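Peer 1: Can you read through this structure? Questions will come right after.
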């Protein structure tokens, strides 16, 4: 009798995990299916799907880095400001030597995240506060110095091709998955998010691994800033305006638990970003009335989050 | 089980909501378009049509007008300018029998570019754009050119020579219309100097290099040209609204002979803030002029400090729509996309301010009748031309608008 109950419980747990794994995919399929029906298949045309993929990559890359920070239970609100600063620095340096644009983006992204993590880890300021302050500072600096905008070097116009984005995304994904699933950086950050006390008692240097998570987030923001410059052709006062919100929405839509821990998966970045941009694309293709677009968007988000949200760490 | 049922119910309700709120114009690519008869799909980016390759003879008033589909990329419809443009564009779409697909709320270049891609994918034959940065114009222009979609730009120009060259070289670029910032700033300052006898002035300028910087030049030139003196200045009010009270207090406290202040922007509460600061300081004899009409301007005029406001740029959206419509319809108003600059309306009293808010800025009031909107197109008015559009813009004066709308 007890064995049978144990078996039933085991099957229930396994079923729950399977559903949890499957639901983020269902969210994306749900959006594509709904708009495919409503637009007579226009959403599913190959060209349109490639377009959605390209549109989603900038947020996808940022979300990959933010997953490390989310894993230990923090939100990185600095990504928008950091992206703006990195873009400004890269465009400025790019006028001297165009080939320094990518390294400048990465160095700037990493430096900003080092500043954020130092304020959080060394001084003990909560991460959401330190990241938010840096976000405001970054955006403020860029708004003050860009005027009507600074163009990226002309040679990069030729790089604005889907395959360039795809290659960068795939490399980022491979590196992120490897670090997240097969190294101490990913494992320990997830453990810190799941149970910080247990992590501390087991001898993990929490400050060190949180800092590494922020640095990886900064690195990915640097890459995302470079992609933004390719896509937008330059930096302006509006660069990175809603980027942190987009990243958070994407991770949530992809099924990542806001509280962090072992429920955070790298696939959330991919699935969430595709779902988010497929939804925006579908709403425009269907020609939804602008009066209700935000209501529909919000209601659809709510439905998808209800389907995909990982409740394993809820309070 | 209950949760699953609730979710299914939510999904069903959403589907119903979507079905009820969708476009009335059918699915992407369904709409008739010039050139479609010969097999070219206007929405197919792989087959860009030649610009204006399907002219009609302009004498087709009796035929049902084609239901063209035009995408509108607008930052918001929540502030006064966005809301007014939104209502004017919708009125015009109804008059012309076209479908507008709105992409609202994009706040940076990648978002605007994403919306443009989605709108083109949705089968739009033209894009109406209010770019948030010059790079938006550059990227969306290239996208439109690649896809054979017409582009019209509202309230922006291109200060970067490379972007200017690239956008104007796009055969699908129909033109851009913006306020004559320099001329309007000069006139605003002239009115304050000559009509209100303010010869000792201070000015709050926009950050140099910003899109409002042309206004700075207009104010400076007017001060020199009309024999006034600038006693003090502050820069960057467009980026730091909260600094305005401090600037005004400094102007008044350190310059006892100060007679007038010019603000190159009055949005985001700057207009009201200036009036309240002067009222609190009891700054007798100091008057001010500012750009951009604002909701509280009637009270500000009554307080006695505000003397002149210029605003009313929303109709620029209609002139851009007219250029796009004519191009799609096979009657581009110019061979290459040119720029037109419109004069704003100048409001000089509380009574005029009330009329302005009630008629010019009121979403419920149409500034142009359906007939007048139709007359801005060659399809309905074969004599309409680039000169005709310029005449319509010249006729946009405060007196004309108020007498027409009130009458």
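Peer 1: Need the full-extension length gain, residue B:64 to residue B:199, defined as separation in residues times 0.36 nm minus the C-alpha distance. One decimal, nm.
Peer 2: On the way: separation 135, 0.36 × 135 = 48.60 nm, distance 5.87 nm.
Once the chain is fully extended between residue B:64 and residue B:199, it gains 42.7 nm.
Peer 1: Using only the Cα atoms of region A:151-300, build the gyration tensor, take square roots of its eigenvalues as a ≥ b ≥ c, and label the shape rounded, prolate or oblate: rounded if a/c is under 1.5, else prolate if a/b is larger than b/c, else oblate.
Peer 2: Numbers: a/c = 2.32, a/b = 1.42, b/c = 1.63.
Cα axes put region A:151-300 in the oblate bin.
Peer 1: With the cut-off at 1.5 for a/c, could you classify region B:182-311 from its C-alpha gyration tensor as rounded, prolate or oblate? All intermediate terms of the calculation are to be shown ahead of the outcome.
Peer 2: On the way: a/c = 1.27, a/b = 1.09, b/c = 1.16.
Rounded is the answer for region B:182-311, as its axis ratio a/c remains below 1.5.
Peer 1: So what is the 222 nm mean residue ellipticity for chain A from helices alone, if each DSSP H run of at least 4 adds -39500 (n - 2.57) and you divide by all residues, rounding to the nearest 500 deg cm²/dmol? Don't skip to the answer; put the middle values down first.
Peer 2: On the way: 12 runs with 234 residues, N = 315.
When only DSSP H runs of four or more count, the value is -25500 deg cm²/dmol.
Peer 1: If I take the Cα coordinates of the protein assembly as shown and project them onto the principal axes, what are the three extents in Å, biggest first?
Peer 2: For the protein assembly as shown, the Cα extents along the three principal axes come out at 95, 69, 53 Å.
Peer 1: May I pose another question? What is the fewest-to-most order of B:84, A:4, B:341 by other Cβ atoms lying within 10 Å of their Cβ?
Peer 2: Working: B:84 23, A:4 8, B:341 17.
Fewest to most other Cβ atoms nearby, the residues stand as A:4, B:341, B:84.
Peer 1: Taking the highest mean first, how do the peptides A:267-275, B:280-288, B:263-271 order by number of other beta carbon atoms within 10 angstrom per residue? Walk me through the intermediate numbers first.
Peer 2: Numbers: A:267-275: 26.2, B:280-288: 15.9, B:263-271: 22.9.
The densest-packed peptide leads the list: A:267-275, B:263-271, B:280-288.
Peer 1: Would you mind getting me the FRET efficiency between residue B:295 and residue B:365? Use the beta-carbon distance for r and R0 = 25 Å, nearest 0.05. Before the final figure, lay out each step's value.
Peer 2: Values: r = 16 Å, r/R0 = 0.63.
The computed FRET efficiency comes out at 0.95.
Peer 1: Next question, about the same structure. Using a/c under 1.5 as the rounded threshold, could you call region A:1-122 rounded, prolate or oblate? The axes a ≥ b ≥ c are square roots of the C-alpha gyration tensor eigenvalues, and prolate needs a/b larger than b/c, oblate otherwise.
Peer 2: Working: a/c = 4.09, a/b = 1.46, b/c = 2.80.
Oblate, since a/c reaches 1.5 and b/c is not below a/b.
Peer 1: Turning to a different aspect of this structure: Taking the highest mean first, how do the peptides A:174-186, B:290-302, B:366-378, A:279-291 order by number of other beta carbon atoms within 10 angstrom per residue?
Peer 2: Details: A:174-186: 15.8, B:290-302: 21.5, B:366-378: 18.5, A:279-291: 23.6.
Ranking the peptides A:174-186, B:290-302, B:366-378, A:279-291 by packing returns A:279-291, B:290-302, B:366-378, A:174-186.
Peer 1: Over the whole of B:134-144, what's the average partner chain Cβ count within 10 Å per residue? Rounded to a whole number, please.
Peer 2: Values: counts 8, 14, 6, 2, 6, 6, 0, 0, 3, 0, 0.
Mean number of neighbouring Cβ atoms from other chains: 4.
Peer 1: Considering every residue in A:227-235, what mean count of other chain Cβ atoms within 10 Å of its Cβ is obtained?
Peer 2: Values: counts 1, 3, 3, 1, 6, 11, 13, 9, 4.
Mean number of neighbouring Cβ atoms from other chains: 6.
Peer 1: Tell me, B:128, B:386 in order of fewest to most beta-carbon neighbours within 10 Å? Could the numbers behind the result be given before it?
Peer 2: Values: B:128 27, B:386 16.
Lowest to highest Cβ neighbour count: B:386, B:128.
Peer 1: Another question about this same structure. So if we plug the beta-carbon distance of residue A:208 and residue B:383 into 1/(1 + (r/R0)^6) with R0 = 60 Å, what FRET efficiency do we get, rounded to 0.05?
Peer 2: The formula returns an efficiency of 0.20 here.
Peer 1: Here's a follow-up. Mind checking B:99-109 for the average number of partner chain beta-carbons within 10 Å of each residue's beta-carbon?
Peer 2: On the way: counts 1, 2, 8, 7, 5, 4, 5, 4, 5, 14, 12.
Taking the mean over all residues of the peptide, I get 6.
Peer 1: To continue, here is another question. Quick one: check the C-alpha center-to-center distance for region A:184-232 versus region A:112-168, whole angstrom.
Peer 2: 17
Peer 1: Here is a further query. Can you give me the relative contact order of chain A as a percent, contacts being Cα pairs under 8 Å and 6 or more apart?
Peer 2: Normalised by residue count, the contact order of chain A is 33 percent.
Peer 1: Given the protein assembly as shown, what percent of its DSSP beta bridges are antiparallel, to the nearest 5?
Peer 2: Values: 5 of 46 bridges.
Within the protein assembly as shown, antiparallel bridges account for around 10 percent of the total.
Peer 1: From zero outward in steps of 10 Å, how is the percent of C-alpha pairs of region B:287-386 spread across the bins?
Peer 2: Histogram of Cα-Cα distances, whole percents per bin: 14, 36, 24, 18, 7, 0.
Peer 1: Let me ask another. Please give, to one decimal in nm, the separation of the simple spin-label points placed at residue B:397 and residue B:159, each 7 Å out from Cα toward the Cβ.
Peer 2: 3.2
Peer 1: On a full-extension model of 0.36 nm per residue, what is the gain between residue A:13 and residue A:145, subtracting their alpha-carbon distance, rounded to one decimal in nm? Walk me through the intermediate numbers first.
Peer 2: Values: separation 132, 0.36 × 132 = 47.52 nm, distance 5.47 nm.
Value of the extension gain: 42.0 nm.
Peer 1: Here is a further query. Compute the orientation-averaged projected area for chain A from the convex hull of its Cα atoms and round it to one decimal in nm².
Peer 2: Details: hull surface 75.9 nm².
Projected area, direction-averaged: 19.0 nm².
Peer 1: Going by C-beta contacts inside 10 Å, put B:180, B:108, B:146 in order with the fewest on the left.
Peer 2: Working: B:180 17, B:108 26, B:146 14.
Ascending Cβ contact count within 10 Å gives the list B:146, B:180, B:108.
Peer 1: Now for a separate question. Find how many whole Å separate the alpha carbon centroid of region A:1-43 from the alpha carbon centroid of region B:101-122.
Peer 2: Each part reduced to its Cα centre gives a spacing of 32 Å.
Bear in mind these aren't lab numbers, they're just calculated from the coordinates by the rules spelled out. Keep in mind that what you see is a predicted model, and the values were worked out from it rather than measured. In this analysis, Cβ positions are derived from the backbone assuming ideal geometry, glycine residues included, and neighbour counts consider all displayed protein chains.
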